[in-house]
Amino acid sequence: MGQTIFVPREVAGNEPRVAASPDTVKRLVGLGFGVTVEKEAGSLSRIPDEDFKQAGAAIGKAADAARADVVLKLRRPTDAELKTYRKGAVVIATMDPYGNEAEVAAMAKAGITAFAMEFMPRITRAQSMDVLSSQANLAGYRAVIDAAAEYDRALPMMMTAAGTVPAAKVFVMGAGVAGLQAIATARRLGAVVTATDVRAAAGEQVASLGAKFIMTDALKDASGEGGYARELTDDEKKAQAELVADHIAKQDIVITTALIPGRPAPRLVSGEMVKSMRPGSIIVDLAVERGGNVEGAKAGEVVTTANGVKILGHLNVPGRVAASASLLYARNLFAFLETMVDKEKKALAIDFEDELVKATMLTHDGAVVHPNFAGSAKGTEPASKAAPKKAPARRKAAAKPASEKAAGAGAKRTSTASARKPATRKSGGEA
Ligand code: NAD
C-alpha cells in the first residue's frame, strides 16, 4: 500500500465545500495514493459518498486522519482536528494565517507540514493552483445572482405588448477577478453595466466585457505592487467619492469587490450614498469579511435600510455555489500536490527549493517556516490582529488575463508574487 490521503468533512465555519472531487480522487489514485474520504464530506457540494467510492476512494471517519500522509482541506485545521493528525503529515488548505499566529504556531507544534494555498504565487506555472482566482470568480458570479434574486424587478430590458421593462443598471466597484466575473454575469443577464477601479489597466478589461469604465481624472492610476491596488491618498479618496456619489444614486444594483493587500477593505460607499439610492435597490458587499466597502453592511446579514435599500453581506460567497466551487478548489489542490509527487516512486517528494513550496509552506518539522510568520514560531502569543505586518514586495503583473478571469478562458501570467496578505478581518469567514 502506498501513501495515503485523507479528505475530511469540513467542521469549521459551516463550510459546505469539500477539498476533493471524484475527478481528483481518480487522479490521486492514479498517482499511487490510497484515498479515504470522510463519510458525507461532499454531501453539501452534491457529491455523494458513492461517487467518491466509484472513483476509487474508501469512505471513512474523521479518526482516519491519524493514518494519513496528506490531508486535503478547505479551512485551517481546528485544534481538535490537529490532535488527530500524525506528526509529519502534509496538510494543504486555505490557512487564513494573518491575525491567527497562535493557530499557525499550534500547527508547527503539532508537527505537520502546513501549506497555505492562498499564498500561491500568481505565475504561469501555478495558474491551475490559484484558489483565490477560482473562488473569487465564482463569488463574483454569485454576487450578481444574489442581487438578482433580491431585486424585485427584471434585469434585462423587456419589450412586451404590455409595455417596456427597462434594463437594470448595475455598477461594479473593483474590477479584479470577482469584479470582472460580476460584470460578465450582469451583462449576460441583460443589465446595463458600469464599473470602476483604481488601476487604470482595469479599464480595458472592463470595456472588453461590454461595460463602461468610470474613473476620475484626479486619479490617474493607483496600481500598487504585483498588479494589486494601493491605498488612495485622502485627496484621491475624495475625488473618487465625488465621482461615484452621483452615479450610485442612479443605480439599481451596486456590487463592491475592492480589496487592498495588507489593508482593511477601502470604504467606497458611504451612508449618504446608500441614502441617495431608490427603494428596492440592492448593494452586495463582497468585501464584508475584510471590513466591508459599504457603510452599514453587516457580515453574514442582509440589512434593509430605512430608505428601502438592501445591503447583502453574505459570508463565504464561494460556498454559496459550493458544488462548482468544490470542483475547482479540488483541482487547484490536486495540481499543487501533483508537483510534490515523485511519479516513479509513487511517493511524496517535496522540493524545498521549489518557489511554490517556499511561497506556501507555513510550518514544517515543528517550526513555523514561512518568512512572514517565522517570528511567531517560538511564542504561542498571537501577533496583534489589528496591526498585521507589512505585506511582502511583489513584482508587477505584466499581463492581466481579463477574459480568463471573467469568462474562464486560459491566459498567460507573468507576475511573481509571494504571500498575499489579506487585510484585517472583522469576521470569521475566509477563502
Ligand atoms: P483584489 O481582490 O486584491 O481586489 C479587487 C479589486 O479591487 C482590484 O481590481 C483592485 O484594484 C480594486 N480596488 C482596490 N481599491 C479600490 C478602490 N478604492 N476603488 C475601486 N477599486 C479598488 O484583486 P484580485 O481580484 O485578486 O486581482 C488583483 C490583480 O491581480 C489584478 O490586477 C488581476 O488582474 C491580477 N491577477 C493576476 C493573476 C495572475 O496570474 N497574474 C491572477 C489573478 C489576478
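Derivation of every value follows stated rules applied to the coordinates shown; laboratory data play no part. Just so it is clear, the model here is predicted, and its values are computed rather than measured. Virtual Cβ from ideal backbone geometry, glycine too; neighbours counted across all protein chains shown.
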Expected unfolding gain across VAL303-ALA149 under the 0.36 nm per residue rule, minus the alpha-carbon gap, is 53.9 nm
The answer for VAL254, listing residues at least 5 apart or on another chain whose modeled amide H is closer than 5 Å to its amide H, is PHE171, ILE282, ILE283, VAL284
Relative contact order in percent for the chain (Cα pairs under 8 Å, 6+ apart) equals 21 percent
Yeah, region 107-243 with a ≥ b ≥ c from its alpha-carbon gyration tensor (a/c under 1.5 is rounded, else prolate when a/b outruns b/c, oblate otherwise) is oblate
Percent antiparallel among DSSP beta bridges confined to region 139-318, rounded to 5, stands at 25 percent
Checked the chain against the a/c 1.5 cut and the a/b vs b/c comparison, axes a ≥ b ≥ c from its Cα gyration tensor; verdict prolate
Expected unfolding gain across ALA249-ARG188 under the 0.36 nm per residue rule, minus the alpha-carbon gap, is 19.6 nm
Classified through the alpha carbon gyration tensor (a ≥ b ≥ c as square roots of its eigenvalues; rounded if a/c is under 1.5, else prolate when a/b is larger than b/c, else oblate), region 233-283 comes out oblate
Rounded to the nearest 0.05, FRET efficiency between LYS220 and ASP351 (Cβ-Cβ, R0 41 Å) equals 0.45
Reduced to Cα centres, the span from region 170-215 to region 258-303 in Å works out to 17 Å
Once the in-chain neighbours fewer than 8 apart are removed, the aspartates and glutamates whose Cα is under 19 Å from LYS61 read GLU10, GLU15, GLU38, GLU40, ASP49, GLU50, ASP51, ASP69, ASP79, GLU81
In the structure shown, of LYS26/LYS73; LYS109/LYS346; LYS26/LYS53, the pairs separated by more than 21 angstrom at the C-alpha atoms are LYS109/LYS346
Output row, site GLU204, 7 Å Cα→C-beta label point, backbone N cut-off 20 Å, window region 163-195, residues 174-181, 183-184, 195
Over the chain, the sum of -39500 (n - 2.57) across DSSP H runs of at least four, divided by residue number and rounded to 500 deg cm²/dmol, gives at 222 nm -8000 deg cm²/dmol
